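Participant: Here it is, the structure, as structure tokens.
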Amino acid sequence: MSTTESTPLEIISAALRRERDRVGLSLTELAKRAGIAKSTLSQLESGAGNPSVETLWALAVALGVPFTRLVDPPTPQVRIVRAGQATFVRSEQSPYAAALLSSCPAGARRDLYLLELEPGGVRDAQAHIPGTVEHVVLTAGRMRVGPESNLVEIGPGDYVSFSGDVPHQYEALEPGTTAVLVMEHV
């Protein structure tokens, strides 16, 4: 085990460089494919900036990798995330935050998130990589969720699954809404 832990920005920076090199894209080409400024990508690769969920998702889709490949630190043998200690990445467009709790090891096909949502805005999520399926279990509050063409309202303990490779939404209908999200990749 390392005596120093990487910061979230260091993890993102290293992952972006690694994945961009893996697919052989220039900074300019990746920024263009992700629909972000080249200067923003350059800052992120140098460990600067404060990326939003939308920016990281756009980069992941442009690189053809799950979101977790950009934000997940190396996993120790036993990993615990205590309540209230998760590192959340916040949306710029709505009161939405996601904290990665677990990601897939090589060859596996699922990522696990804890979501916190508040009323007052809709989280519009773009389509993820083809074959992505999202599984949501609501733990508190009420939420409207699903593909834009088939939104459903769920309450505590409800489970919903839907295609994540089409535009979809998350909207809190009560304060303190929380959920567990499992993203399945094929």
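The values are calculated or read from the model by the stated rules, or taken from the named source; none is laboratory data. Owing to the predicted nature of the structure, the values given are computational and were not obtained by experimental measurement. Here Cβ is always computed from backbone atoms with ideal geometry, including for glycine, and neighbour counts include all displayed protein chains. Heavy atoms of the whole protein, side chains included, go into the accessibility calculation; ligands, DNA and RNA do not. Shrake-Rupley method; radii C 1.70, N 1.55, O 1.52, S 1.80 Å.
Participant: Out of curiosity, is Ala127 touching a strand residue (DSSP E or B) at 6+ places or on another chain (Cβ under 6 Å) and modelled with pLDDT of 90 or more? Talk me through it step by step, then tell me what you get.
Facilitator: Values: touching a strand residue (DSSP E or B) at 6+ places or on another chain (Cβ under 6 Å): no; modelled with pLDDT of 90 or more: yes.
Taking the combined requirement at face value, the residue does not satisfy it.
Participant: Output the number of the condition that Leu25 fails; it satisfies all remaining conditions of (1) part of a helix (DSSP H, G or I); (2) surrounded by fewer than 19 Cβ atoms within 10 Å (Cβ to Cβ); (3) aliphatic (A, V, I, L, M).
Facilitator: (1)
Quick grid of which residues meet (1) polar (S, T, N, Q); (2) open to solvent by less than 90 Å² (accessible area, probe 1.4 Å); (3) modelled with pLDDT under 85:
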residue: Val61; (1), (2), (3): no, yes, no
residue: Gly64; (1), (2), (3): no, yes, no
residue: Val78; (1), (2), (3): no, no, yes
residue: Gln93; (1), (2), (3): yes, no, no
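Participant: While we're looking at this one, here's another question. For segment 149-177, enumerate the residues that are assigned to a strand (DSSP E or B) and surrounded by fewer than 16 Cβ atoms within 10 Å (Cβ to Cβ).
Facilitator: Once the filter is applied, which keeps residues that are assigned to a strand (DSSP E or B) and surrounded by fewer than 16 Cβ atoms within 10 Å (Cβ to Cβ), segment 149-177 yields Val152, Glu153, Tyr159, Ser161.
Participant: Would you please name the residue that is modelled with the lowest pLDDT, looking only at residues in segment 80-91 that are exposed (fewer than 15 other Cβ atoms within 10 Å of the Cβ) and of a type in the set (Gly, Ala, Ser)?
Facilitator: For segment 80-91, the residue satisfying everything is Ala83.
Participant: Only one of these conditions is not met by Leu100: (1) over 13 Å from the mean Cα position of the chain (by Cα); (2) modelled with pLDDT of 75 or more. Which number is it?
Facilitator: The number of the failed condition is (1).
Participant: Let me ask something additional. Could you tell me how many of the residues in segment 36-62 are closer than 26 Å to Val122 by Cβ, touching a Leu at 6+ places or on another chain (Cβ under 9 Å) and free of Cβ contacts under 8 Å to residues at least 60 places away in the same chain?
Facilitator: Of the residues in segment 36-62, 9 are closer than 26 Å to Val122 by Cβ, touching a Leu at 6+ places or on another chain (Cβ under 9 Å) and free of Cβ contacts under 8 Å to residues at least 60 places away in the same chain.
Participant: For segment 1-22, give me the residue count where each residue is open to solvent by less than 40 Å² (accessible area, probe 1.4 Å) and closer than 16 Å to Val89 by Cβ.
Facilitator: Qualifying residue count for the region: 5.
Participant: Something else about it: Given (1) open to solvent by less than 20 Å² (accessible area, probe 1.4 Å); (2) modelled with pLDDT of 95 or more, where does Arg142 come up short, assuming only one miss?
Facilitator: Arg142 satisfies all of (1) open to solvent by less than 20 Å² (accessible area, probe 1.4 Å); (2) modelled with pLDDT of 95 or more except (1).
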